[in-house]
Ligand code: DQQ
């Protein structure tokens, strides 16, 4: 941490004690003498060296439940299984796109489902996953906890799944960290965050859904800090530590943040809620010991019209360096990012602003770009994100949940649902001063295999250039586009009409675009996912849209297909750049060094295995571009259960 912005942590706080009254399931898996861990560590090093040799389970277990081709899904099954309002009654985590009721189901094969499973993104072995929870680094291991249903590929019976990694790329699944087993979380161990105290103690605050469907905040902590795997979690005997305050709906009060300290040594924590049904709010609690909390008489921030705020994240960011900051850092070169997951839209919004540590309030730099009305963290299929400060490498890491966009019945058939993004490093964009930058952690580059480079590829207006790279399902792509000449651009722009600044299908040709890459495309382009820039005129000036068009990504009709996108700042002298990670059914696309990001889920029926191809395209009618592109084939990550026994 930068000295100028660090705080001293010399105030006294209560160290959490053992709590013998707690019930900790499953009992057998949690009684592990310390000496065994050394054996575990040694065997892990060996196992990690076997990366790539482990063959993953083929997810074809539910093949028989796949409806026959061309048959509509029977209404009775829709009502009984597939269209249960998963999580909706609780206000959380339901699939949020239009109903697939009555649509035909594609005749997926086990091989299709096996192809859809990702190879270098984190996902559990089977069943449902949603939000990332309490990410942290401890004694050489990155820990990821996640909302997990151990029984089904749809939301429900939510526990904390747990996995560890040396590098956030290769993962080892561990036993569940916490399950619903007390009245205060019997309906679900919901989302929460970890805080590492100055003496190394780790505390977790999480939302419990009680036996009466009331959302309360609970305290938990590892029983043995010298265990690098943090296998054994203790729930505090006096839980819940926070209950819904007067005036707050008891089922709209959740997802405590990582804590930070104020000047007087007090710790602060945020909990998301809504006021008068429409006002998104970040409530602030203060505490000295993490057991007793006082609600401040004012929130950190509110935004009218944004509804319930879930999974709030609040963190400092350095404006003069790319170094990450601990959550308690403040100083003249520090701004604060406030992020809320908007329950109504199932989208993550953030804003950059100033934290007033005296008054414990936060003000956005630009009120017109406030949380929920300005920038999205990711403009694609992405939700419930959470950052943590990685003290190992001095950086802030962002995790995000990527839901499926197929139908629930497809998830049940394939036996799994959801992926986490590749973890991203978050920094401040000092060139624009208006946004964060997100970039895949450098560790992902260890999966890069052979690369192919194409330089000075002339992509004439109205042309398509196949890129012969062999298999195109696991890729890391870096591409730069240069337009033919600024003069040509200015001349072309004269004839342009004003644009609405919205992305549209890639087939919609205008003078200046779109141009980009088509991934997961078959030879005949019967399926393709174009990721592109489109230059448009708005208020007389040139703007750049960054878009992903999923409308032709799959012939399966039950799959939800979106056109995602937004305006991306391209500064004078900059080229148009993209980084794209393709990993089977997930495509993560970063524009202009991560100023804007779009994550897609696509389920092609033809453009899979060796039929998946890659193309450069330029659909502009009057703008030639030149591309420089480097493409790496990507290895699979090694993700499997930890050999605990
Ligand atoms: N998911 C959790 C909630 C959170 C929601 C439940 C966001 O705590 O608000 O699984 O996806």
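Values in this text are rule-based calculations from the coordinates and carry no lab data. For clarity, every value in this text was computed on a predicted model and none was experimentally measured. Note that we place each Cβ from the backbone using ideal geometry, even for glycine, and neighbour counts take in every protein chain shown.
Please report, to one decimal in angstroms, the Kirkwood hydrodynamic radius of the stretch 398-444 built from all distinct Cα-Cα pairs. Walk me through the intermediate numbers first.
On the way: mean 1/r = 0.0769 Å⁻¹.
Mean inverse Cα-Cα distance, inverted, gives 13.0 Å.
What whole-number distance in Å separates the alpha-carbon centres of the stretch 366-434 and the stretch 201-230? Between the Cα centre of the stretch 366-434 and that of the stretch 201-230, the gap is 23 Å.
Neighbour counting of Cβ atoms within 10 Å sorts the residues 386, 126, fewest neighbours leading, into 126, 386. Based on every Cα atom in the stretch 227-307, Rg and the maximum pairwise Cα distance Dmax equal 14.5, 45 Å.
A protection proxy built from the mean count of other Cβ atoms within 10 Å ranks the segments 622-635, 561-574, most packed first, as 622-635, 561-574. Rg and Dmax of the stretch 296-350, based on Cα coordinates, read 13.3, 36 Å. Across the stretch 310-394, the volume of the C-alpha convex hull divided among the residues equals 108 Å³ per residue.
Stretching the chain fully between residue 434 and residue 644 yields a gain of 70.9 nm (0.36 nm per residue, less the alpha carbon separation).
Between residue 454 and residue 523, what FRET efficiency follows from the Cβ-Cβ distance if R0 is 22 Å, with the result rounded to 0.05? Show your work: numbers first, answer last.
Working: r = 19 Å, r/R0 = 0.85.
Here the calculated transfer efficiency is 0.75.
Under 1.5 on a/c is rounded, so check that first for the stretch 265-358, then, if it is not, pick prolate when a/b is larger than b/c and oblate when it is not; a ≥ b ≥ c are the square roots of the alpha carbon gyration tensor eigenvalues. Oblate. Approximating the spin labels as points 7 Å out from Cα along Cα→Cβ, the residue 289-to-residue 543 distance works out to 5.5 nm. If you sort the three axes of the alpha carbon gyration tensor as a ≥ b ≥ c, you get a/c of 1.5 or more for the stretch 351-411 and a/b no higher than b/c, which makes it oblate.
Once R0 is set to 22 Å, what does the formula 1/(1 + (r/R0)^6) return for the Cβ-Cβ distance between residue 186 and residue 243, expressed as a FRET efficiency to the nearest 0.05? Can you show the working numbers first?
Values: r = 15 Å, r/R0 = 0.70.
Efficiency for this residue pair is about 0.90.
Both radii were evaluated on the Cα set of the stretch 475-597; the Rg over Rh quotient, with Rh as the Kirkwood radius, amounts to 0.97.
So what is the relative contact order of the stretch 309-380, in percent, for Cα pairs below 8 Å that sit 6 or more residues apart? Mind showing how you got there, number by number?
On the way: 131 pairs, mean separation 18.3, N = 72.
Over the stretch 309-380, the number comes to 25 percent.
Going by a ≥ b ≥ c, the root eigenvalues of the Cα gyration tensor, does the stretch 186-337 fall in the rounded group (a/c under 1.5), the prolate group (a/b larger than b/c) or the oblate group? Since a/c reaches 1.5 but b/c is at least a/b, the shape of the stretch 186-337 is classed as oblate. Largest first, the extents of the alpha carbon coordinates of the stretch 531-645 on the three principal axes equal 66, 33, 24 Å. Using C-alpha pairs under 8 Å with a sequence gap of at least 6, the mean separation divided by the residue count of the stretch 532-603 gives a relative contact order of 26 percent. Annotation for the stretch 604-645 versus the stretch 288-354: alpha-carbon center distance of 34 Å.
Quick one: what does P(r) look like for the stretch 334-478 with 10 Å bins over all Cα pairs, in whole %? So the P(r) values, bin by bin, are 9, 27, 30, 24, 9, 1. Taking only the Cα atoms of the stretch 142-246, the ratio Rg/Rh comes out at 0.98, with Rh defined as the Kirkwood radius.
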